[in-house]
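The values are calculated or read from the model by the stated rules, or taken from the named source; none is laboratory data. Small disclaimer: the values here were computed from a predicted structure and weren't measured. Using ideal geometry, Cβ is built from the backbone for each residue, glycine included, and neighbour counts are taken over all protein chains shown. SASA here: full protein model, heavy atoms, side chains in, ligands and nucleic acids out. Shrake-Rupley method; radii C 1.70, N 1.55, O 1.52, S 1.80 Å.
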2 protein chains.
Amino acid sequence: MKKHNFSAGPCILPSSVFKEASQAVLDFNNSGLSILEISHRSKDFVSVIEEARTLVLDLLGLQNKGYQALFLHGGASTQFLSVAYNLLEKKAAYLNTGTWSSKAIKEAKLFGEIIEVASSKDKQFNCIPKNYSVDQSFDYFHCTSNNTIYGTQIKEFPSVEIPMVCDMSSDIFSRELNFENFDLIYAGAQKNMGPAGTTLVVVKESILGKVSREIPSLFDYQIQIEKESMFNTPAVYAVYVSLLNLRWLQSLGGIKAIEKANHKKAQLLYSAIDNNSLFTGYAAKEDRSIMNATFNLKSKKLEPLFNDMCQEANINGINGHRSIGGYRASMYNALPISSVEILIEVMNQLERKA
Amino acid sequence: MKKHNFSAGPCILPSSVFKEASQAVLDFNNSGLSILEISHRSKDFVSVIEEARTLVLDLLGLQNKGYQALFLHGGASTQFLSVAYNLLEKKAAYLNTGTWSSKAIKEAKLFGEIIEVASSKDKQFNCIPKNYSVDQSFDYFHCTSNNTIYGTQIKEFPSVEIPMVCDMSSDIFSRELNFENFDLIYAGAQKNMGPAGTTLVVVKESILGKVSREIPSLFDYQIQIEKESMFNTPAVYAVYVSLLNLRWLQSLGGIKAIEKANHKKAQLLYSAIDNNSLFTGYAAKEDRSIMNATFNLKSKKLEPLFNDMCQEANINGINGHRSIGGYRASMYNALPISSVEILIEVMNQLERKA
């Protein structure tokens with residue numbers, strides 16, 4: 001029996017993607033070779049990574065606008081460093097909206113002065129700071145668009161006149177934004193793009209080449225652009241599965257279509273949380289993420305019963321992050337609305353029982 | 001029809017590994033979930049990475065000897081940096097045996113003084129330098145055990161009284177060595193360990209914590225040890241397929257058994273190269289790699305015919321590296337001896353025809 005997978009990441013991908021990805025491990029493109037044993041320099045794989053890079057720019061509406069899409073190693077955490085390596089000359093402005101922003105700040109501090117222009121730490125990161133300003137004295141502004149742990153999401157990005165860098169690991173390809181407002185977007189693959197093991201970087205070329213330090217080759221975006229994401233052997237399979245997933249998204253109608261579905265799922269679940277007397281939401285209502293809904297049982301006593309009921313209903317991965325506890329239902333692109341309906345049904349059953 | 005895959009990496013893995021790896025993409029451990037959609041913090045995956053780490057130390061004979069095995073991101077190229085970040089205080093000694101050593105040297109230079117204690121560059125890297133010495137004034141000595149591009153391999157490692165660091169990307173798990181002589185071994189997975197996308201680091205803990213610089217968290221071996229390779233989301237699938245491959249190796253009888261098979265394959269192919277009037281080997285005989293045999297047709301005119309004959313015989317991936325041309329037959333652990341026999345048969349057919 002297939003599970004209802006609300007895992008926060010790595011997360012559910014479409015079952016059609018799993019099928020094709022499984023077949024390619026046995027025989028890729030009828031080549032008589034597994035996707036796991038082919039050279040990354042083979043025509044077949046070069047065409048995979050090229051198509052993936054093109055699809056990314058197409059889906060984001062950034063084709064022919066001076067941007068490059070790269071598939072790199074190391075997870076978004078490596079980008080915490082790479083961003084600073086490539087862009088930080090003197091000082092940068094960071095918005096602190098939780099664990100991931102805080103980690104990005106910590107690592108960037110090795111390279112220059114980091115100013116937190118705003119933080120919601122005093123509110124346990126249950127909301128997004130507003131009404132801050134970022135002047136032109138900074139090398140760049142960095143923010144995290146969606147905070148998986150707290151279930152908050154930036155709805156309106158500030159208007160800044162310096163390069164805007166955004167960690168979109170957990171909501172890229174889930175909603176329409178004016179992506180041209182961003183100069184560098186990065187995202188670990190393992191939410192809406194693909195499996196763990198590769199990281200997307202979308203960068204406007206004109207912001208590069210302006211720092212005075214020597215950058216290690218592997219982290220130098222200009223070198224990675226020149227080498228077409230193949231400075232070293234890329235994570236072949238993770239890139240391939242990402243391509244399958246991007247193709248799926250395109251076939252559905254792209255970001256516009258999936259955003260509609262995502263809003264519907266989120267609306268259903270949040271109204272169930274608000275209308276069920278046993279539950280309470282964690283994040284401030286106006287900042288609620290459409291990807292990760294965080295919520296708690298008002299009475300901790302009911303947790304064992306609710307957990308059992310979820311398990312019985314084949315619901316997987318709704319425990320909150322170990323740092324804040326409670327529950328978290330992640331509703332990434334590939335999660336069907338039927339899974340959300342099942343979760344709501346279990347929540348309502350609990351209310352009737354309790 | 002299955003190919004004879006001599007690809008230099010990513011490379012052939014056992015077909016039993018491909019089968020199990022393919023199945024896990026559909027349903028991992030009968031969990032109702034794909035290996036690609038499970039949390040890296042789930043019990044199932046934690047047990048995968050723990051078993052893989054244990055198996056590595058078991059196979060290398062390093063269990064309970066003060067070593068830790070880590071599965072990290074970024075390919076061996078990231079280790080060019082990490083090694084220097086963690087170990088280079090003032091100056092380090094590097095042996096230059098080709099492209100990969102040269103790249104390791106280039107990146108380490110960002111962190112301190114690098115002395116090339118010996119180099120075979122003036123011989124187009126067709127041999128391994130001998131008769132050099134490494135004194136105790138260096139922070140560590142770095143070498144590359146096997147050079148995929150040139151087909152050379154270090155048979156005897158120097159005896160040094162400083163930490164010995166070795167890039168074993170292309171021959172780890174292929175031959176018995178006294179692994180205790182090494183203080184840090186690293187290897188991109190995509191040869192004898194698994195698919196591209198994860199990197200093994202085996203490090204003696206006692207050499208760590210001695211540099212004065214601040215190390216980015218992701219590259220700090222001590223942090224990765226403490227976090228059990230999960231400072232950030234690991235490359236789940238690449239680690240899983242590596243585990244399957246390590247299990248396969250153990251079931252065969254470990255490194256001792258595979259080394260015997262590897263020697264047999266290499267012996268067969270090298271004697272075919274030496275005995276065939278049309279071919280000539282690239283690497284100095286005493287330094288020939290048992291993993292990658294590099295050779296040339298004496299007459300370039302025969303290349304198109306030989307290429308066609310190879311293709312007809314379902315032989316894949318024997319073109320030499322683009323930097324030196326010619327041919328390269330990589331005979332990693334999973335390559336069956338029957339594939340080597342087919343290649344030799346084609347070489348002999350060519351001799352009869354020409």
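What are the nm distances, shortest first, from A:Lys227 to its equivalents in the other copies, labels at 7 Å along Cα→Cβ?
For A:Lys227, the inter-copy label distances come out at 2.3 nm.
Exactly which chymotrypsin sites (Phe, Trp or Tyr not before Pro) in region B:105-168 are in a DSSP loop and have at most 13 other Cβ atoms within 10 Å?
Passing both the DSSP loop test and the Cβ count: B:Tyr132.
Defining the label point at 7 Å along Cα→Cβ, can you sort the distances from A:Glu341 to the same site in each other copy, shortest first, in nm?
Here the equivalent label points are 6.0 nm apart from this one.
List the aspartates and glutamates whose alpha-carbon lies under 14 Å from that of A:Lys109, not counting same-chain residues fewer than 8 positions away?
List returned: A:Glu89, A:Asp139, B:Glu214.
Checking the cross-link filter: which aspartates and glutamates have an alpha carbon closer than 14 Å to that of A:Lys265, excluding same-chain neighbours under 8 positions apart?
A:Lys265 reaches A:Glu341, A:Glu345.
Scanning chain B for helices, which whole DSSP H stretches are 20 Å or more long along the axis (Cα) and average -1.0 or more by Kyte-Doolittle?
Passing helices, by number: B:43-60, B:236-252, B:254-275, B:337-353.
Peptide B:6-16: average number of partner chain Cβ atoms within 10 Å per residue?
Mean partner-chain Cβ count within 10 Å for B:6-16: 4.
Nearest 100 Å² is fine: how much accessible area is buried between B and A, summed over both sides, with a 1.4 Å probe?
Counting protein atoms only, the buried area is about 4300 Å².
Across the residues of B:310-319, average count of Cβ atoms on other protein chains within 10 Å?
2
Please report the accessible area of B:Ser31 (heavy atoms, 1.4 Å probe, ligands and nucleic acids excluded) in Å², nearest 10.
Here the residue's solvent-accessible area equals roughly 20 Å².
Starting from the Cα of A:Leu268, step 7 Å along the direction of its Cβ; do the same at B:Asp308; then give the gap between the two resulting points in nm.
For A:Leu268 paired with B:Asp308, the spin-label model returns 6.1 nm.
Arrange the peptides B:164-177, A:191-204, A:312-325 so that the one whose residues have, on average, the most other Cβ atoms within 10 Å appears first.
Descending mean neighbour count gives A:191-204, B:164-177, A:312-325.
Under a 1.4 Å probe, what is the accessible area of region A:15-252 per residue, stated in Å²?
35
Rounded if a/c is under 1.5, else prolate if a/b beats b/c, else oblate: with a ≥ b ≥ c from the C-alpha gyration tensor eigenvalues square-rooted, which is region B:101-162?
oblate
Only counting protein heavy atoms at a 1.4 Å probe, give the residues of region B:197-221, ordered by number, whose accessible area falls by 10 Å² or more when the other protein chains are present relative to the chain alone.
B:Gly197, B:Glu214, B:Pro216, B:Ser217, B:Leu218, B:Phe219
Please say if region B:271-353 is rounded, prolate or oblate, where rounded means a/c under 1.5 for a ≥ b ≥ c the square roots of the C-alpha gyration tensor eigenvalues, and otherwise the choice is prolate for a/b larger than b/c and oblate otherwise?
Cα axes put region B:271-353 in the rounded bin.
Where a ≥ b ≥ c are the square roots of the eigenvalues of the C-alpha gyration tensor, would you call chain B rounded, which needs a/c under 1.5, or, failing that, prolate if a/b is larger than b/c, or oblate?
oblate
List the lysines whose alpha-carbon lies under 20 Å from that of B:Lys300, not counting same-chain residues fewer than 8 positions away?
B:Lys353
Using DSSP to call loops (not H, G, I, E or B), can you name the chymotrypsin sites (Phe, Trp or Tyr not before Pro) in region A:298-347 whose Cβ has at most 16 other Cβ atoms within 10 angstrom?
Passing sites in region A:298-347 do not exist.
Determine the alpha carbon to alpha carbon distance for each of A:Lys204/B:Lys106; A:Lys106/A:Lys130; A:Lys155/A:Lys227; A:Lys155/A:Lys204; A:Lys91/A:Lys204 and list only those over 25 Å.
As for pairs spanning more than 25 Å Cα to Cα, those are A:Lys204/B:Lys106; A:Lys155/A:Lys227.
Between copies, how close do the B:Glu312 label points come, placed 7 Å along Cα→Cβ, listed in nm from shortest?
6.8
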